[in-house]
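Student: Sharing a structure here in structure tokens format.
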Amino acid sequence: MKVAVLGAGAIGAYVGAALHRAGADVHLVARGPHLAAMRQHGVQVRSPRGDFTARAHATDDPSGIGPVDYVFLGLKANSYAACGPLIEPLLHSSTAVIAAQNGIPWWYFHRHAGPHDGQRIESVDPGGAVSAVLAPQRAIGCVVYAATELEGPGVVRHLEGTRFSIGEPDRSVSDRCLAFSQAMQAGGLKCPVERELRGDIWIKLLGNISFNPISALSRATMRQMCLHGGTRRVIEIMMTETLAVAGALGCRPDISVERRLAGAERVGDHRTSTLQDLERGKPLELDVLLAAVVELAEITGVPVPTLRTVHAISDLLADRMRSAA
């Protein structure tokens, strides 16, 4: 099995290291000091489950890798439309693309089999720009339940969780999903193949759609947002509205708002990825988290006044950051 990890940051390098340990032919695509460190020392994984080093091939030039069986996409979703020159050299006729993204994916309605089958979601696939680069038929969905961070160039700190749920848009259990799942498990990770992966997408999104923008607006950690009465109530309402949109699309995640909040509070003083991006001056990945659900609410006719309000304010923040860049 030949795998390219495009965007081998904290999550991508962790997956690549696990697959390399399982015997896959892994190629890590990165840049800067992180790339230099991986070339010299390999990916050094620091984990409560045991430290290890994986000396996979690392490069900044995908054209030197050639076509692969799987591309594991570790890039931020807001960079998908521009990744054509990087991903094209990696593709052959049956290459699968596994996108480890948060939020609503560009392929959401591909082979959905519902009333919106094939419909494009403008906020995540503007003008079809993402689908033109990442054909939906190549897509294997992936919901990440692992927490990692780059402790330094080439050094991945695994904090918790090892589950990477994957699934086909058409809900089938395909040979390509099973083969990738087996390789991930051989590398020490959990990788269940889910028929109803969209349910996992909405469960993960419940936290991202609420905590991420509120953290950017308040500069607060998960615990601080949960313990403050006002923000906790806003988050409860945002989660409830999100579940209503999911239900209108025929998806009813098996989780309550109370349980989701309790889980977030247990995380403690963790800064969301959106808050970390804000602090580093990076673009905020809010379109797939928040704008997409507001768009889906318009499509389904579900009222989401609190989501709309938070989206308007956080979108202004994102605009100001873009203008300042």
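The values are calculated or read from the model by the stated rules, or taken from the named source; none is laboratory data. As the structure is a computational prediction, the values presented were derived from the model and not from experiment. Methodologically, a virtual Cβ is constructed for each residue, glycine included, from the backbone with ideal geometry; neighbour enumeration extends over all protein chains shown. Note: accessible area is taken over every heavy atom of the protein model, side chains too, but ligands, DNA and RNA are not part of it. Shrake-Rupley method; radii C 1.70, N 1.55, O 1.52, S 1.80 Å.
Student: Looking at (1) more than 29 Å from Ala113 (Cβ to Cβ); (2) open to solvent by less than 50 Å² (accessible area, probe 1.4 Å); (3) under 21 Å from the mean Cα position of the chain (by Cα); (4) in contact (Cβ under 8 Å) with a residue 24 or more places away in the chain, find the lone condition where Arg271 falls short.
Tutor: Tallying (1) more than 29 Å from Ala113 (Cβ to Cβ); (2) open to solvent by less than 50 Å² (accessible area, probe 1.4 Å); (3) under 21 Å from the mean Cα position of the chain (by Cα); (4) in contact (Cβ under 8 Å) with a residue 24 or more places away in the chain, Arg271 fails exactly one: (2).
Student: Scanning for something of a type in the set (Ser, Thr, Tyr), at pLDDT 95 or above and surrounded by fewer than 20 Cβ atoms within 10 Å (Cβ to Cβ), does the stretch 204-214 turn up at least one residue?
Tutor: no
Student: Turning to a different aspect of this structure: With the structure loaded, tell me whether Thr300 is farther than 13 Å from Ile209 by Cβ and among the β-branched types (Val, Ile, Thr) or whether it fails that test.
Tutor: Taking the combined requirement at face value, the residue satisfies it.
Student: Would you check if there is a residue in the stretch 88-106 being crowded, with 23+ Cβ neighbours inside 10 Å, in a loop (DSSP other than H, G, I, E, B), among the polar types (S, T, N, Q) and in contact (Cβ under 8 Å) with a residue 40 or more places away in the chain?
Tutor: Yes - at least one qualifying residue is present in the stretch 88-106.
Student: Which of the strands (runs of 3 or more DSSP E) contained wholly in the stretch 6-55 include at least 1 residues that are without any contact (Cβ under 8 Å) to a residue 60 or more places away in the chain, more than 20 Å from the chain's Cα centre (by Cα) and over 22 Å from Ala81 (Cα atoms)?
Tutor: Counting at least 1 such residues, we get 25-29, 52-54.
Student: Considering the stretch 288-313 alone, what residues qualify as being among the aliphatic types (A, V, I, L, M), open to solvent by 20 Å² or more (accessible area, probe 1.4 Å) and not in a helix (DSSP H, G or I)?
Tutor: Val302
Student: May I pose another question? Ser218 is checked against (1) of a type in the set (Ser, Thr, Tyr); (2) open to solvent by 20 Å² or more (accessible area, probe 1.4 Å); (3) under 20 Å from the mean Cα position of the chain (by Cα) and fails just one. What number does that condition carry?
Tutor: (3)
Student: For the stretch 186-229, what are the residues that are of a type outside the set (Val, Ile, Thr) and closer than 30 Å to Asp25 by Cβ?
Tutor: Ala186, Gly187, Gly188, Leu189, Lys190, Cys191, Pro192, Glu194, Arg195, Leu197, Asp200, Lys204
Student: Here is a further query. Of all residues in the stretch 147-182 being open to solvent by 20 Å² or more (accessible area, probe 1.4 Å) and hydrophobic (A, V, I, L, M, F, W, C), which is farthest from Ala37 (Cα to Cα)?
Tutor: Val173
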